[in-house]
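Just so it is clear, none of the values below were taken in a lab; they were calculated from the coordinates. For clarity, every value in this text was computed on a predicted model and none was experimentally measured. Because the Cβ atoms are built from the backbone with ideal geometry, glycine has one as well, and the counts that use them run over all protein chains shown.
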Amino acid sequence: MLLPRVLTALFGIPVVLLLVKAGGPAYAIFIFTVIAVSLYEYATLMKLGSKPVRAPALYLFGLLLPAALYFDRFGAVQPGPDNFSGFFIALSVIGVMTWELFSSRKYIERIGLTLMGIFLVSWCLSYLVALRDVRPAGLWLTLMLIITVWVMDTSAYFFGRSLGRRQLSSISPKKTWEGAAAGFIAAVLTAWAISRFSGAFPPAFAAGAGVLIGVFGQVSDIAESMLKRAVGAKDSSSLLPGHGGMLDRFDSYIFLAPVIYYYSVLVLK
């Protein structure tokens, strides 16, 4: 499993870094593609576990919402006629519930699972685009987040395999406290090092971001694993050799994208 994992990373890492550097529509389209594939994997997982999801509504509102967020520059509560995201947040809830009202077989659970997919996948991952647009440090903030997660995951994986003794969670039996500690330390050091290299934001801010990444990134990973365990799946798909599916590869960013975005806009002034 290690060789496919390495080969996929060797191809994928340069592509992702180039798209982050490019920013603008190219990067936004990449994130929207990630969201679209992740929504499909989420729907497939739920179907695998016989969990009711309204797939057409999931795809429709799950793609309209990040598009709306992009076009109004993530001003979800701004007043006036250009508040696309606020409108589509409300429309997603109304639309999913209305869709179920006119279904021949009605399930309250299907409303909840469909909305969870929309907001967990689409809403949260959309903040990867918002973070890139933060001025003036959006490029380096996004690079810090992505690179730090890569280093954290790699450190946790190898240290956990070689030194891990105490199980971190029954949801992910192979994850250990030792691996999590190594990932946390790696996250703080990597974020701090990127700050020192780039000069785009203060080292103290970066260290704080590293703490958030080290905590919320690993919790987000386990949260996505909880979804898979609930339906009896090991991976969200086999799309990426050695890494599972798109949702598996971006699981850490589900919680982290909004957390680091709001940390940045509130602290960096």
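Remark on Thr176: its backbone amide H falls under 5 Å from those of Leu168, a criterion applied only to residues 5 or more positions apart or on other chains, H modelled at 1.01 Å from N. Distant-in-sequence amide contacts of Arg54, defined by a placed amide H-H separation under 5 Å and a gap of 5 or more residues or a different chain, comprise Thr114.
Rounded, prolate or oblate: which fits the stretch 51-209, taking a ≥ b ≥ c as square roots of the Cα gyration tensor eigenvalues, rounded meaning a/c under 1.5, else prolate when a/b beats b/c? Walk me through the numbers before you get to the answer.
Details: a/c = 3.99, a/b = 1.41, b/c = 2.83.
Oblate.
Note that the stretch 199-204 has calculated 3J(HN,Hα) couplings of x, 7, 7, x, x, 5 Hz, one per residue in order, obtained from phi through the Karplus relation 6.51 cos²θ - 1.76 cosθ + 1.60 (θ = phi - 60°); glycine and proline are x. The label-point distance for Lys234 and Leu163, in a model that sets each label 7 Å from Cα toward Cβ, rounds to 2.8 nm. Among rounded, prolate and oblate, which fits the stretch 77-163 when a ≥ b ≥ c are the square roots of the eigenvalues of its C-alpha gyration tensor, a/c under 1.5 means rounded, and a/b larger than b/c means prolate? It is oblate, given that a/c is not under 1.5 and a/b is not larger than b/c.
Place +1 on the Cβ of every Lys and Arg and -1 on the Cβ of every Asp and Glu in the stretch 2-267, take the dipole about the Cα centre, and give the residue among Ala130, Phe32, Gly112 whose Cα lies farthest towards its positive end. The Cα lying farthest towards the positive end belongs to Gly112. A simple rule links phi to the HN-Hα coupling: the Karplus curve 6.51 cos²θ - 1.76 cosθ + 1.60 with θ = phi - 60°, which for the stretch 32-39 gives 4, 5, 4, 5, 4, 5, 5, 4 Hz, with x for Gly and Pro. The distance linking the stretch 177-227 with the stretch 12-37 is 21 Å (Cα centroid to Cα centroid, whole angstrom). Cross-link reach is defined here as a Cα-Cα straight distance under 30 Å, omitting same-chain residues fewer than 8 places apart; for Lys234 the lysines meeting it are Lys47, Lys51, Lys106, Lys174, Lys175.
Orientation-averaged projection of the stretch 2-267 equals 14.5 nm² [convex hull of Cα atoms, one quarter of hull surface area].
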